[in-house]
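J.: Structure below; questions to follow.
The values are calculated or read from the model by the stated rules, or taken from the named source; none is laboratory data. Predicted, not measured: the structure shown is a model, and the values here were computed from it. No Cβ is skipped: glycine too gets one built from the backbone with ideal geometry, and neighbour counts run over all protein chains shown.
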Amino acid sequence: MLDKKMKIFVTGTRGIPDIPGGVEKHCQELYPLIAVKGNEVVLSTRTPYVGEQKKAWKGVRLVHNYAPHKKSLEAIVHTFLAVLKAKRMNPDVVHIHAVGPCLLVPLVRLLGLKVVVTNHGPDYDRKKWGFAAKTILRFGEYLGGKYANEVIVISTVIADIIKKRCGRNTHLIYNGVSIPKRSQQTEFLEKYGIKPGKYFLAVARFVPEKGLHDLLAAFRNIAGEWQLVIAGDADHESDYSRTLKKKAAEDDRIILTGYITGELLSQVFSHARLFVLPSYHEGLPIVLLEAMSFGLPVLVSDIPANREVNLPAERFFQCGSVQDLRKKLKLHIEKELTKQERQILCRMIKEKYNWQKIAEQTIAVYRQAITVSKNN
């Protein structure tokens, strides 16, 4: 059994490749590595997010399922349709990502399939959700934690939640990141008038829990020629995202690039002075690991998920405090990383957040789900 190649069906993500989102980035990095080991990986995408409907990408077979482009319905409708397709394909394991799609875990079990879930964090803490949605997401977290054959978590914080709510142990497998080659190109920066080494960088979706409104407020009183570059946009345009863009337009030092990937994103990471993550909620932020992999100094909110990354105390500010964020921004203007600090960051990434290691750990969980009988 240990040598048997597996068929894995993946849902709970918008899709791959180059679709914005932490879960999407996670899947984009993980599944080609699992496929290259000889396993068959089928990943279900949500059609509103897919341009060209490719049949495969880097060894991962893609199937494209309908999803309504409405935040309250898209995950559950898409996952339901994906599960029905999975039943017809009869995989060894169905892998569901995120707590909302985990509402369908009992259905997967009733259909006689093995299911592994990855809990990427308590999505019900996101400010965009109302009471009803938060309640449903909590229920999804419970159903996934209680009835999946195996549960993967990306932080000890999430592991503690599942232990308390569902009374079970989980598999702690961190998010990962690859060590990139720093870009020497600056064409994209020049296009936007961005000055290398003279800007703070944030990479995030335009939703309240990312805290970008705090960053705009804190930056407003930073003197000098410093710029603030925000790479990202809204998945679903809202009053919040429109207000954020309006406030950014009031200061010509603030530059919004929209969603960018690949070489363009590499350029903005490579030439930034400081990466800032002012989030109120995260699972384990891949974007923070990416910034660290570029050897960038970082400044992040002191929420538990960010604290899980072992950074010096000076790299944190009080979540939600514009005053503390402004104070720390001014402090880090004058303080660059030493060569030794950059080496420590790179070593941490290689040892703790290595995608090859993560792929092997995930495959081991699949093996356990297939071979071990659960009573949950």
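J.: Can you tell me which residue in the range 188-231 is nearest to the chain's Cα centre (by Cα), limited to those that are part of a helix (DSSP H, G or I) and hydrophobic (A, V, I, L, M, F, W, C)? If you could, list the steps in order and put the result at the bottom.
T.: The first filter runs over the range 188-231 and keeps only residues part of a helix (DSSP H, G or I), leaving 188-192, 208-210, 212-219.
Next, only the ones that are hydrophobic (A, V, I, L, M, F, W, C) stay: 188-189, 212, 215-219.
Values: Phe188: 24, Leu189: 25, Leu212: 17, Leu215: 20, Leu216: 22, Ala217: 25, Ala218: 25, Phe219: 25 Å.
Filtering the range 188-231 for residues that are part of a helix (DSSP H, G or I) and hydrophobic (A, V, I, L, M, F, W, C), the one nearest to the chain's Cα centre (by Cα) comes out as Leu212.
J.: Looking only at residues that are of a type in the set (D, E, K, R) and assigned to a loop (DSSP other than H, G, I, E, B) in the range 44-92, which one is farthest from the chain's Cα centre (by Cα)?
T.: It comes out as Asp92.
J.: OK, next. What number of residues within the range 232-252 satisfy the criterion of being buried (at least 19 other Cβ atoms within 10 Å of the Cβ), in a loop (DSSP other than H, G, I, E, B) and either in the same structural domain as Pro20 (by TED's automatic domain parsing) or more than 20 Å from the chain's Cα centre (by Cα) (or both)?
T.: 0
J.: I'm checking my understanding of the structure. Among residues of the range 2-36 that are in contact (Cβ under 8 Å) with a residue 24 or more places away in the chain and of a type in the set (Asp, Glu), which one is surrounded by the fewest Cβ atoms within 10 Å (Cβ to Cβ)?
T.: Top of the filtered list is Asp18.
J.: Based on what the data block shows, is Val41 under 30 Å from Trp129 (Cβ atoms) and outside any loop (DSSP other than H, G, I, E, B)?
T.: No; evaluated as a whole, the condition is false for this residue.
J.: Taking Pro312 as meeting all but one of (1) closer than 24 Å to Leu265 by Cβ; (2) of a type outside the set (A, V, I, L, M, F, W, C); (3) surrounded by fewer than 19 Cβ atoms within 10 Å (Cβ to Cβ), write down the number of the exception.
T.: Looking at each condition in turn, Pro312 falls short on (1).
J.: Quickly run through the range 269-309 and pick out the residues that are free of Cβ contacts under 8 Å to residues at least 60 places away in the same chain, within 18 Å of Val153 (Cα to Cα) and not hydrophobic (A, V, I, L, M, F, W, C).
T.: Selection gives Asn306, Arg307.
J.: Quickly run through the range 139-177 and pick out the residues that are outside any loop (DSSP other than H, G, I, E, B), crowded, with 18+ Cβ neighbours inside 10 Å and among the aromatic types (Phe, Trp, Tyr).
T.: Listed by number, the list holds a single entry, Tyr147.
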